[in-house]
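Visitor: Take this structure first; my questions come after.
The values are calculated or read from the model by the stated rules, or taken from the named source; none is laboratory data. Bear in mind the structure is a predicted one, so any value in this text is a computation, not a measurement. Cβ sites come from the backbone with ideal geometry, for glycine too, and all protein chains shown count toward neighbours. Just so you know, the surface numbers come from the protein's heavy atoms only, side chains and all, with ligands and any DNA or RNA stripped out. Shrake-Rupley method; radii C 1.70, N 1.55, O 1.52, S 1.80 Å.
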Amino acid sequence: MTTATVGRRPGRPDEAVGGVVPREVVSPSTVAEVAEVMRAAAADRLTVVPAGGRSKTSWAAPPSSCDLLLDTSRLDRVVEHVAGDLVVVAEAGVRLADLQAQLGAAGQLLGLDPPEPGATLGGIVSANASGPRRLRYGTARDLLIGATVVLGDGTVASAGGKVVKNVAGYDLGKLYTGAHGTLGVVVSTTWRLHPVPVARRAVVLDLPAASAAGPLAVRLSRSTLTPSAVELVGTAGGAGQLLVLFESIAESVAAQASAAVTLLGGGSEVEELPATFGRRPGSPDDVLLRLAYLPTALPEVLAALPHGTAVTASAATGVAYAALASSDAVDALPALRAALARHDGTAVLLRAPEPVRGRLDHWGPVGDALDLMRRVKERFDPERRMSPGRFVGGL
Amino acid sequence: MTAVAEPAVSAGTTRLAEQLRSTVGAERVLTDRAQLRTYECDGLANFKVTPAVVVLAENRQHVVDTVRLCSQAGVPFVARGSGTGLSGGALPSADGVLIVLSRLRRLHPVDADNARVVVEPGVINLWVTRDATPHGLAYAPDPSSQLVCSIGGNVAENAGGAHCLKYGFTVNHVLGAEVVLPDGEVVHLGGAAPEHPGYDLLGAFIGSEGTLGVATELTLRLIRIPEAVQTMLVGFRSVEDAAATVSDIIAAGILPAAIEMMDALAIEAAEAAVRCGYPPGAVAVLVIELDGPQVEVESQFSQVEQIARSRNAFETRIAADAAERALMWKGRKSAFAAVGRISPSYFVQDGVIPRTKLPEVLGEITRMADDVGLRVANVFHAGDGNLHPLVLFDDAVEGQADDAEELAGAILDLCISSGGSITGEHGVGHEKRGKMGRQFTAEDLDTMQLVRCAFDPHGLANPGKIFPTPRLCGERPGPRTAADTHDPALGEVF
């Protein structure tokens with residue numbers, strides 16, 4: 001390995017992860033190079049934080065140390081797309097948008113639609129990022145069928161495989177999903193794909209009260225309609241707009257959209273999705289939270305948020321994003337978490353402006369499995385060099 | 001056939017049995033050899049081990065007490081549900097405790113608005129759908145054994161079924177689990193909400209074949225019963241045409257609920273057993289089911305029919321009602337047992353290949369069987385490339401069982417070399433652990449065992465399953481190549 005191949009250089013202030021400027025940055029371009037970097041980092045006991053498109057570096061807590069930022073963006077090869085098997089193998093640094101373009105040419109897609117621009121596959125897996133179509137396709141844990149990671153000591157380990165149905169061995173892809181680089185560096189991912197639906201139609205319904213989306217989503221869930229997404233955009237205590245998306249063959253989306261208008265008691269049919277579809281709410285000055293709860297609790301969740309909070313919700317799944325005014329967040333978060341807990345709910349910080357970041361508990365309560373999580377971390381990364389401090393319980 | 005040696009029950013385990021009697025109640029603790037023998041194997045009857053002790057748990061506390069006492073005594077334990085597993089996953093330890101969970105059978109009321117239900121592990125798979133149906137809901141994973149298999153066993157094996165082509169596997173439908181860890185501690189993984197902060201330990205637990213702990217309660221996700229379901233039985237004169245039809249359907253952008261395939265020998269067996277009326281003279285049949293909104297199903301159904309015809313289907317039969325649909329499925333779902341009608345003995349194999357390699361792999365299996373003079377009936381989930389070759393043999397013929405076992409193993413090697421897997425739904429269990437090293441590297445397996453060591457450092461939960469060589473958890477974790485292969489030149493870099 002030479003410095004040229006891994007593109008080693010000093011970290012820049014604008015590359016700070018949660019305010020921590022990496023001492024150095026490396027950009028390996030092969031799995032073997034990642035393994036070499038990790039072995040060398042182990043020898044020198046360096047802390048390592050992996051990053052891809054850097055679109056979600058604020059989604060985990062700031063690292064307690066970052067000697068080395070491992071930039072995966074040069075691991076950018078789509079290794080194998082077997083269209084007949086609806087499977088693709090792609091390296092972690094491949095950008096989702098680029099992959100979708102390539103798959104789309106073959107009439108296929110990866111059923112993930114998190115909106116962060118520039119997001120890479122490795123980053124999406126590590127942050128477990130999802131978007132509105134999770135209602136139809138599920139999330140990374142449902143679509144990832146194989147993963148290769150490089151552990152802190154340089155071990156290259158794969159789990160899963162290249163076939164959708166496979167129960168040989170532990171499914172470690174699920175363990176790495178949402179682990180925020182605290183167990184190892186995800187270097188390659190294998191996915192189950194879906195055909196691109198040929199037609200699309202949405203029903204848009206204005207709601208004087210955003211909370212009305214709750215019972216409407218239940219009504220949709222209890223019908224035989226098969227929407228790809230049921231998205232609320234609105235404000236807590238204020239108005240909202242519900243968008244119900246159908247994607248299928250032309251006859252089906254027409255029939256379903258029309259049935260949805262009847263079921264919802266109104267709404268207009270549109271062919272094009274509004275530009276705001278799937279976007280996270282609020283502005284960079286806000287504190288952005290991801291809420292997860294029992295789906296029927298949506299009205300209670302909205303009621304627990306400070307009045308006027310900008311919200312989007314995947315209303316039929318029990319996931320919402322809320323942009324709290326920074327001035328509200330420090331006081332409101334504990335009460336919000338207590339209210340959510342009644343619905344098995346949690347609130348995780350995705351983004352907070354500098355002045356309040358340090359005053360907020362990033363992850364909130366984790367439950368009785370935290371010790372077990374700690375034991376898992378100790379086995380994978382006994383020296384605590386992988387993204388230290390970024391995860392729950394300071395892991 | 002392989003039999004596992006049965007060492008004598010140790011004094012420590014005998015003492016443990018006494019402790020169990022006083023803690024969980026003598027009437028729930030079996031140590032009589034004749035009674036114990038009921039539990040010597042699961043659905044894979046060619047491996048048998050009589051456990052030292054059986055505990056018939058009736059509630060979570062019985063499980064916690066039993067596991068804790070095992071942990072204190074350093075005695076291994078194995079959890080067992082209905083015992084229908086096909087890889088020896090519930091094979092007991094001779095000097096260990098078998099915890100039978102089939103009396104933990106509580107189903108909580110269905111939460112219809114959230115499409116969730118909480119159940120105990122001994123609940124039978126089909127009961128969940130039975131309870132959900134009045135609400136217009138169903139539990140998607142439908143292994144062929146769903147009349148008798150338990151949810152706990154489904155979770156251990158990450159069970160699939162015919163409809164997992166469209167709906168996914170057990171892991172996609174279990175949202176939360178209460179788990180007794182191998183030291184007796186109770187933890188809650190996942191829950192009723194769709195996400196929880198922290199590692200997805202639930203995802204690692206499901207499919208871990210009882211090696212990470214014992215689930216005592218599960219939160220399941222239910223699916224909406226689709227507006228329309230249509231099922232078609234299609235007869236072909238060649239396996240190649242049937243396989244090509246499967247590929248063409250997928251290539252047309254259609255995702256059926258299920259595509260199942262049976263070859264001539266499997267059809268013969270099913271006919272003999274349940275008279276399902278499959279097309280006479282068919283060398284292969286496909287059972288294709290589409291579900292969803294009415295208009296979608298109707299349009300795609302006629303598309304599928306055209307595809308099949310263009311691949312020389314000679315008979316296409318469409319189920320007119322639920323009774324006809326049930327008959328089509330009966331032939332398929334009874335196929336394993338039916339093979340007993342045409343062969344004194346058989347091995348059920350479970351392997352996965354990329355769907356696009358179906359024709360060549362099936363051809364190769366036939367050649368391999370011909371070479372050793374054996375017959376192989378093929379029944380499989382064609383949509384996802386999950387093969388179930390049934391290797392037929394006669395115990396009475398000297399050496400034939402060994403030949404059959406060898407052929408079944410060679411078929412797995414073929415699955416691996418085709419880019420597939422040694423198991424799609426039956427699990428690795430006791431039976432296939434020797435093949436794990438073919439599918440995975442030593443580093444892959446060591447990394448999986450890091451999880452095992454975190455959950456179960458003393459290796460007491462279902463030992464001897466999945467992994468060819470257990471990792472000693474006291475070992476310093478590290479790559480096999482370790483620091484001695486570290487390139488000294490790297491010192492210049494860092």
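Visitor: Using a 10 Å cut-off on Cβ atoms, rank the peptides B:46-55, A:269-278 from the highest mean neighbour count down.
Guide: Packing proxy ranking, top to bottom: B:46-55, A:269-278.
Visitor: Could you give the nm distance between label points at B:E398 and A:E272, where each point is 7 Å from its Cα heading toward the beta carbon?
Guide: Those two pseudo-labels are separated by 8.2 nm.
Visitor: Something else now. Roughly how big is chain A's charge dipole about its Cα centre, with Cβ charges of +1 (Lys, Arg) and -1 (Asp, Glu), in debye to the nearest 20?
Guide: I would put it at about 520 debye.
Visitor: Would you mind calculating the relative contact order of chain A from Cα pairs under 8 angstrom and at least 6 residues apart, reporting the percent as a whole number?
Guide: Taking the mean separation of contacting Cα pairs over the length of chain A, I get 16 percent.
Visitor: From the Cα trace of the stretch A:1-88, what convex hull volume per residue do you get, rounded to a whole Å³?
Guide: Each residue corresponds to 115 Å³ of Cα convex hull volume.
Visitor: Shielding of A:148-161 by partners, i.e. mean partner chain Cβ atoms within 10 Å per residue?
Guide: Average neighbour count from other chains, rounded to a whole number: 6.
Visitor: When Cβ neighbours within 10 Å are restricted to other protein chains, what is their mean count per residue of peptide A:217-230?
Guide: Partner Cβ neighbours, averaged per residue: 3.
Visitor: If you average the alpha carbon positions of the stretch A:16-30 and of the stretch B:142-162, how far apart do those two centres end up, in angstrom?
Guide: Taking the Cα centre of each part, the stretch A:16-30 and the stretch B:142-162 sit 46 Å apart.
Visitor: Give the Rg (one decimal place) followed by the Dmax (whole number) of chain B, computed from C-alpha coordinates and expressed in Å.
Guide: Just the Cα atoms of chain B yield Rg and Dmax of 23.6, 75 Å.
Visitor: Take every residue in peptide A:244-251, count the Cβ atoms of other chains within 10 Å of its Cβ, and give the average of those counts.
Guide: Counting Cβ atoms of other protein chains within 10 Å of each residue's Cβ and averaging gives 3.
Visitor: May I pose another question? In Å and whole numbers, how far do the C-alpha atoms of the stretch A:91-235 stretch along each principal axis, longest first?
Guide: Extents along the principal axes, in whole Å: 56, 33, 31.
Visitor: Sticking with this structure for a sec: Over the stretch A:226-375, what is the relative contact order in whole percent, taking alpha-carbon pairs under 8 Å and six or more residues apart?
Guide: 25 percent
Visitor: Among the listed pairs A:K174/B:K48; A:K174/B:K166; A:K377/B:K166; A:K162/B:K330, which are separated by more than 29 Å between their Cα atoms?
Guide: Checking Cα-Cα distances, A:K174/B:K48; A:K377/B:K166; A:K162/B:K330 exceed 29 Å.
Visitor: Treating the beta-carbon of each Lys and Arg as +1 and of each Asp and Glu as -1, no other charges, what is the dipole magnitude of the stretch B:1-89 about its Cα centre, to the nearest 20 debye?
Guide: Value, rounded to 20: 80 debye.
Visitor: Ignoring ligands and nucleic acids, what accessible area does B:I307 show with a 1.4 Å probe (Å², nearest 10)?
Guide: 20 Å²
Visitor: Let me ask another. Using θ = phi - 60° and the Karplus form 6.51 cos²θ - 1.76 cosθ + 1.60, what ³J(HN,Hα) does each residue of the stretch A:26-35 get, whole Hz, x for Gly and Pro?
Guide: In residue order, the calculated couplings are 10, 10, x, 10, 9, 4, 4, 5, 4, 4 Hz.
Visitor: Can you list residues whose amide H is under 5 Å from B:A258's amide H, if they're 5+ apart or on another chain and H is modeled 1.01 Å from N?
Guide: Hits under the 5 Å cutoff: B:E289.
Visitor: Mind listing the lone cysteines of chain B, meaning no other Cys beta-carbon sits under 4.7 Å from theirs?
Guide: By the Cβ distance rule, which asks for a partner under 4.7 Å, the isolated cysteines are B:C41, B:C70, B:C149, B:C164, B:C276, B:C415.
Visitor: Which whole-number percent gives the relative contact order of the stretch B:31-80, counting Cα pairs below 8 Å spaced six or more residues apart? Intermediate values should be presented prior to the final figure.
Guide: Values: 26 pairs, mean separation 12.3, N = 50.
That works out to 25 percent.
Visitor: Express in whole angstrom the spacing between the alpha-carbon centres of the stretch A:165-243 and the stretch B:5-76.
Guide: 45 Å
Visitor: While we're looking at this one, here's another question. Once phi is turned into θ = phi - 60°, what whole-Hz ³J(HN,Hα) does the Karplus curve with 6.51, -1.76 and 1.60 give for every residue of the stretch A:203-208, x standing for Gly and Pro?
Guide: 10, 10, 10, 7, 10, x
Visitor: Right, another one. Using only DSSP helix segments of four residues or longer, with each worth -39500 (n - 2.57), what per-residue ellipticity at 222 nm results for chain B after dividing by its residue count and rounding to 500?
Guide: Calculated at 222 nm, the ellipticity per residue is -10000 deg cm²/dmol.
Visitor: Taking the mean number of other Cβ atoms within 10 Å as a proxy for protection, how do you rank A:376-389, B:272-285, A:181-194 from highest to lowest?
Guide: A:181-194, A:376-389, B:272-285
Visitor: Starting from the Cα of B:S22, move 7 Å in the Cα-to-Cβ direction to define the label point; list residues of the stretch B:74-115 whose amide nitrogen is under 18 Å from there.
Guide: The answer is B:74.
Visitor: What's the FRET efficiency of A:R9 with A:V196 using the Cβ-Cβ distance as r and R₀ = 35 Å, to the nearest 0.05?
Guide: 0.30
Visitor: Given H placed 1.01 Å from N in the peptide plane, which residues other than close sequence neighbours of A:I145 have an amide H under 5 Å from its amide H?
Guide: Amide H neighbours of A:I145: A:T190, A:W191, A:R192.
Visitor: Also: Using amide H atoms built 1.01 Å from N in the peptide plane, name the residues 5+ places from A:T47, or on other chains, whose amide H lies under 5 Å from its own.
Guide: Amide H to amide H, under 5 Å and 5 or more residues apart or across chains, A:T47 pairs with A:D67, A:L68.
Visitor: By what distance, in whole Å, do the Cα atoms of chain A stretch along each of the three principal axes, largest value first?
Guide: Principal axes ranked by extent give 65, 53, 36 Å for the Cα atoms.
Visitor: Take peptides B:162-175, B:332-345 and line them up by average Cβ neighbours within 10 Å, highest first, as a rough protection proxy.
Guide: Sorting B:162-175, B:332-345 by mean packing, highest first, produces B:162-175, B:332-345.
Visitor: Once every DSSP H run of n ≥ 4 in chain A is given -39500 (n - 2.57) and the sum is divided by its residues, what mean residue ellipticity at 222 nm do you get, rounded to the nearest 500 deg cm²/dmol?
Guide: Calculated at 222 nm, the ellipticity per residue is -7500 deg cm²/dmol.
Visitor: Sort out the exposed loop GluC sites (Glu not before Pro) in chain B (DSSP loop, at most 15 other Cβ within 10 Å) and tell me the longest stretch that has none.
Guide: Answer from the scan: B:1-397.
Visitor: Follow-up question, since we're still on this one. Which distance in nm do the two modelled labels at B:I318 and A:V21 give, with both placed 7 Å along the Cα-to-Cβ direction?
Guide: Placing both labels 7 Å along Cα→Cβ, they lie 7.1 nm apart.
Visitor: Take the alpha-carbon centre of the stretch B:308-373, take the same for the stretch A:34-75, and report the distance between them in whole Å.
Guide: Here the two parts' Cα centres lie 49 Å apart.
Visitor: Find the all-direction average of the projected area of the Cα convex hull for the protein assembly as shown, expressing the result in square nanometres with one decimal place. Display every interim value, and only then the final one.
Guide: Details: hull surface 141.4 nm².
The number I arrive at for the protein assembly as shown is 35.3 nm².
Visitor: In terms of solvent-accessible area of protein heavy atoms at a 1.4 angstrom probe, what is the ranking of A:R133, A:R95, A:R390, highest value first?
Guide: A:R95, A:R133, A:R390
Visitor: Shifting gears a bit: Per Stokes-Einstein, at 20 °C and 1.002 mPa s, what whole-number D in µm² s⁻¹ belongs to the stretch B:293-384, with the Kirkwood radius over Cα pairs as the hydrodynamic radius?
Guide: 132 µm²/s
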